Amino acid sequence: SSIPSVTLNNGAQIPQLGFGVWQVPDAEATAAVHAAIQAGYRSIDTAAIYENEAGTGQAIAQALAGGVAREDLYITTKLWNSGTRDWSGEQGRDAVLREFDASLAKLGLDYVDLYLIHWPRPMHGSYANVWKAFEQLAADGRAKSVGVSNFGQEQLTRLLDESSVVPVLNQVELHPYFPQDELRAFHAEHGIATEAWSPLGQGKDLLAEPALLQIAEKHGRTVAQVVLRWHLQSGVIAIPKSVTPSRIKENLDVAGFELDAADIAAIAGIATGQRIGPDPQGFDWN
Ligand code: NAD
């Protein structure tokens, strides 16, 4: 396919564009993921908390039955906070492994390509213990790669200090309003890839931004395509979400044009430093 891939620090490759399914109800996930795979996506991003692993798994089963090879798919899911547990000690590690088994069963798979700690919840300090269970999943090959989401430099530094398994990537909020330059530089220094969640800014104000409309017009593209092109040219992995078949296709059709230095500078100019989602350092939902 024409989707470029990124080589991770363990040698595995991930498509640079994937399909996110947050807020897609389980009953609709099968059709959405099916449409995405038909359109050419091979990477799917779900999570236990999205409650659509089963629907996603059905679309994966359809694809496999239809002749798509398992090794050509790239399936990501995430460990939820399940905050009633503190994830400490051996009990915590066993609980993580049980959560993983439950995700795998819902997806109908015998391995995932990537398993992520969804949120660090630094106030509990147990993410480093959770990571020990993740190390085991990676060693067993049940998760081909392990990584994190919403981690800050402090939490990444702790994992780098305490473990020999470096997260392959950190999935964080990232879009032109919130480009995460400092964290990206830290990732690059440590061989951690950057994956953008809400890469389109959740489809709100960002897609009506005048500077982006101008660039889109110049290239004869949509604003969503310009923003996704910006992610790709930044070396970032992006997982846009849509349940609309035409947009699912549009978001994948980002080859064949190149943002120039003036475009990149104009996009840098609209950064506000404002998040859309919660600040992970204080986030403790469960
Ligand atoms: P997004 O930035 O991908 O925006 C999605 C929304 O943008 C759609 O619902 C639609 O309204 C609009 N849209 C999509 N394509 C469009 C197009 N071509 N033209 C016009 N509008 C379009 O937002 P998201 O869903 O928040 O993020 C993408 C994925 O990232 C999620 O589905 C999920 O997989 C992941 N995510 C992870 C975390 C985390 O904590 N790790 C948090 C949020 C999201």
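Any read-out appearing in this document is the output of simple, stated calculations on the displayed coordinates, not a laboratory observation. Worth saying up front: this structure is predicted, and the values here are computed from it rather than measured. Cβ placement follows ideal geometry from the backbone for every residue including glycine, while neighbour counts extend to all protein chains displayed.
Worth a mention:
- Rounded tilt (10° steps) of 26-39 against the dominant C-alpha axis of the chain: 50 degrees
- Each Lys or Arg adds one and each Asp or Glu subtracts one; over the other residues with Cβ under 14 Å from the Cβ of Leu107, this totals -3.
- Cα-Cα over 26 Å, subset of Lys144/Lys204; Lys106/Lys204; Lys106/Lys144: Lys144/Lys204; Lys106/Lys204
- Here r is the Cβ-Cβ distance between Ser2 and Glu189 and R0 is 30 Å; the resulting FRET efficiency, rounded to 0.05, is 0.50.
- Among Ile192, Ile270, Ile117: highest mean-square fluctuation, GNM of the chain, C-alpha pairs under 10 Å: Ile270
- Angle in degrees between helix 223-233 and the longest Cα principal axis of the chain, rounded to the nearest 10: 60 degrees
- Of Leu64, Leu116, Leu232, the one that fluctuates the most in a GNM where the chain has Cα springs shorter than 10 Å: Leu64
- Annotation: amide H of His118 within the under-5 Å range of Leu79, sequence separation 5 or more or interchain, hydrogens built in the peptide plane.
- Considering only Gln214, Gln16, Gln274, the Gaussian network model of the chain with Cα springs below 10 Å gives its largest mean-square fluctuation to Gln274.
- Alpha carbon convex hull of the chain, volume per residue in cubic angstrom: 121 Å³
- Each label was represented as a point 7 Å from its Cα along the Cα-to-Cβ direction; for Glu154 and Leu213 these points are 4.1 nm apart.
- Relative contact order for the range 107-173: 37 percent, from Cα pairs under 8 Å spaced at least 6 residues apart, divided by residue count.
- Net charge contributed by nearby residues that have their C-beta within less than 15 Å of Val6 (K/R +1, D/E -1): 0
- Partner aspartates and glutamates for Lys218 [C-alpha distance under 19 Å; skip if fewer than 8 residues away on the same chain]: Glu209, Glu250, Asp253, Glu258, Asp260, Asp263
- Over the C-alpha atoms of the range 171-253, the Rg to Rh ratio, Rh being the Kirkwood estimate, stands at 0.98.
- The chain: relative contact order as a whole-number percent, Cα under 8 Å and 6+ apart: 20 percent
- Rel. contact order, % - alpha carbon contacts under 8 angstrom, at least six apart, the range 16-76: 41 percent
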